[in-house]
Amino acid sequence: LPVHKATIMPRGNALGLVMQLPSKDETSISRRQMLAKLDVCMGGRVAEELIFGADAVTSGATSDLKQATNLARYMVTNCGMSDVVGPVYIDTRSGPNGSSVISSETERNIDMEVTRLLKEAYSRVTTLLTSKQDELHKLATALLDKETLTAQDIDAVLGRSSLADPTLP
C-alpha cells in the first residue's frame with residue numbers, strides 16, 4: 001500500500017505511525033500483501049535497532065509488534081496460510097469453562113508458525129534497511145526535524161519523483 005504519511009508524533013497508544021491508504025477498494029488481501037504489512041510493522045523496530053543499536057531499542061514499537069503478531073496469527077488460523085498447520089480455519093476461542101477448543105499440539109504449531117512469520121519479516125526488513133542505510137538516516141533526520149512527513153515530503157527526502165511508486169523501496 002502506498003505511504004500517505006509518517007509521523008513520530010504520539011497518536012493514541014502509538015508513539016508514531018506510518019499511515020497507508022489503499023489505492024482502490026479491496027474486499028480481500030493476498031498472502032503477498034499480508035507479508036508486506038508484516039514488513040511495514042517491523043520497520044520501526046528494525047530502524048530503531050539499526051540507528052541506535054540493539055541495546056537502545058525501546059518499547060516504541062510495541063503496538064507495531066502487537067499488530068504484526070495479530071496479523072500473523074490471522075494468516076495462520078483464519079486464512080489457512082501455513083504449510084505446517086494446513087489450509088484450515090481454526091476457531092481459537094475458549095470452550096466451556098475456559099478450556100481450549102484446539103489441541104496443545106495445534107496451539108504449539110500455531111505459535112511456531114506465527115513466530116516464523118514474524119522472524120522472516122524481521123529478517124527481510126533488516127536486509128532491506130541495512131542496504132538502504134543512507135535513505136533510512138535521511139528519513140530519520142527529516143522526521144526528527146519536521147515530526148510529520150507526507151508522501152510528497154518522503155519523495156523529496158529520498159530524491160524521488162512524486163510519480164514514483166511509493167510502495168517500492
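Spin-label point model (7 Å from Cα, Cβ direction): what's the T62 to R31 distance in nm?
Going from the T62 label point to the R31 one covers 3.4 nm.
Taking H placed 1.01 Å from N in the peptide plane, check which residues at least 5 places from N78 or on another chain put their amide H under 5 Å from its amide H.
Residues meeting the criterion, in which the H sits 1.01 Å from N, are I90.
With the crude spin-label approximation of a point 7 Å out along Cα→Cβ, what separation in nm comes out for T69 versus K132?
2.6
So how do T127, T148 line up by other beta-carbon neighbours within 10 Å, fewest first?
T127, T148
Among N78, T115, A68, which residue has its Cα positioned farthest towards the positive end of the charge dipole of region 42-119, with +1 placed on the Cβ of Lys and Arg, -1 on the Cβ of Asp and Glu, and the dipole taken about the Cα centre?
In region 42-119, that residue is N78.
Hand me the chymotrypsin sites (Phe, Trp or Tyr not before Pro) from region 37-110 located in a DSSP loop with no more than 11 other Cβ atoms within 10 Å, in residue order please.
In loop regions of region 37-110 (DSSP not H, G, I, E or B), the sparsely surrounded chymotrypsin sites (Phe, Trp or Tyr not before Pro) are Y89.
Read-outs throughout are calculated quantities, based only on the coordinates presented, and are distinct from any laboratory measurement. Predicted model only: the values in this text are computed from it and were never measured. Every residue, glycine as well, gets a Cβ built from its backbone with ideal geometry; the counts of neighbours run over all protein chains shown.
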